[in-house]
Amino acid sequence: MKKYKQIPLVSSLLVIINIIVFLTSIFARDALFDAGVLNVQGVLGQRQYGRVLWAMFLHVSMSHIFSNMLILFFLGSMIEKEIGHIRFFLFYFLSGVSGNILSLCVRVQNDDMSGTIGASGAIFGLDGVLLSMALFRGKKVENVTPTRVLLMIFLSLYSGYTSENVDNVVHLGGLLAGFTAGSIMCIVQRKKNIDQEASGEY
């Protein structure tokens with residue numbers, strides 16, 4: 001059972017699904033993109049709310065999917081081993097959907113009819129989860145410190161803000177959602193551990 005928990009099942013499955021969708025999009029690009037791109041007209045105008053989720057699996061280029069899947073596999077595998085398959089699954093999708101919803105709200109406010117795709121909101125959410133673990137978990141993760149995680153987040157955000165055609169609102173939304181969810185998990189778990197230790201002493 002312990003060995004099963006150490007296998008990054010969810011991370012690996014997500015990478016495989018994203019790659020399959022990307023390869024499919026090469027042959028049916030317009031159809032997949034038209035059905036999944038996150039934009040105001042599609043989500044609110046046509047009430048296709050599934051775009052908030054579906055957009056997380058679409059990538060515009062080889063470099064786009066390569067960078068996202070590389071981070072997802074290595075960072076995701078590390079976090080999944082620490083918090084478990086179910087929590088990792090929930091945090092990943094919570095971050096991605098939250099980032100997309102925030103981006104949609106900003107687009108509505110700015111009357112922006114452009115669209116966005118990609119898994120980067122969910123991946124930034126993993127950065128947020130990792131930061132919360134470094135700050136609040138108590139139990140150390142090997143080679144992970146708050147300073148290192150903050151530096152990684154800063155460089156990632158900086159890269160986004162200095163690049164073209166990048167939806168930085170998605171990044172921020174995913175990051176905040178992941179950090180919030182991860183912080184709640186760590187604080188609740190620490191309190192539970194303290195209560196268990198206290199009850200064992202008396």
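Data table
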quantity: For residue 158: the one exception among (1) touching a helix residue (DSSP H, G or I) at 6+ places or on another chain (Cβ under 8 Å); (2) closer than 24 Å to residue 69 by Cα; calculated: (1)
quantity: Residue within the range 93-100 that is hydroxyl-bearing (Ser, Thr, Tyr), in a helix (DSSP H, G or I) and touching a residue at least 60 places away in the same chain (Cβ under 8 Å) present; calculated: yes
quantity: Residue in the range 69-91 that is among the polar types (S, T, N, Q), touching a helix residue (DSSP H, G or I) at 6+ places or on another chain (Cβ under 8 Å), part of a helix (DSSP H, G or I) and in contact (Cβ under 8 Å) with a residue 12 or more places away in the chain present; calculated: yes
quantity: Residue count for the range 79-98, restricted to those that are surrounded by 18 or more Cβ atoms within 10 Å (Cβ to Cβ) and among the hydrophobic types (A, V, I, L, M, F, W, C); calculated: 6
quantity: Unmet criterion (only one of (1) closer than 22 Å to residue 21 by Cα; (2) in contact with a strand residue (DSSP E or B) (Cβ under 8 Å, 6 or more places away or on another chain); (3) not aromatic (Phe, Trp, Tyr)) for residue 103; calculated: (1)
quantity: Some residue of the range 156-173 being within 29 Å of residue 6 (Cβ to Cβ), surrounded by 13 or more Cβ atoms within 10 Å (Cβ to Cβ) and touching a residue at least 12 places away in the same chain (Cβ under 8 Å); calculated: yes
quantity: Count - residues of the range 113-136 that are over 12 Å from residue 178 (Cα atoms), touching a residue at least 24 places away in the same chain (Cβ under 8 Å) and either touching a Pro at 6+ places or on another chain (Cβ under 8 Å) or not in a helix (DSSP H, G or I) (or both); calculated: 8
quantity: Residue list for the range 39-70, filter: within 16 Å of the chain's Cα centre (by Cα), within 13 Å of residue 18 (Cα to Cα) and among the aliphatic types (A, V, I, L, M); calculated: 53, 55, 56, 58, 65, 69, 70
quantity: In the range 32-59, the residues that are charged (D, E, K, R) and either part of a loop (DSSP other than H, G, I, E, B) or within 16 Å of residue 111 (Cβ to Cβ) (or both); calculated: 47
quantity: All positions within the range 71-80 that are of a type in the set (A, V, I, L, M) and over 20 Å from residue 21 (Cα atoms); calculated: 75, 78, 79
quantity: Some residue of the range 177-193 being part of a helix (DSSP H, G or I), loosely packed, with under 14 Cβ neighbours inside 10 Å and either charged (D, E, K, R) or touching a His at 6+ places or on another chain (Cβ under 7 Å) (or both); calculated: yes
quantity: Filtered residue count, the range 3-31, keeping only those that are over 18 Å from residue 55 (Cβ atoms), assigned to a helix (DSSP H, G or I) and either at pLDDT 85 or above or out of contact with any helix residue (DSSP H, G or I) (no Cβ under 8 Å at 6 or more places or on another chain) (or both); calculated: 9
quantity: Search result, residues across the range 137-158 that are in a loop (DSSP other than H, G, I, E, B) and among the aliphatic types (A, V, I, L, M); calculated: 141, 144
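The values are calculated or read from the model by the stated rules, or taken from the named source; none is laboratory data. In this text the structure is predicted, and so the values were computed from the model without any measurement. Neighbour counts are summed over all protein chains in view; Cβ atoms, including those assigned to glycine, are modelled from backbone coordinates with ideal geometry.
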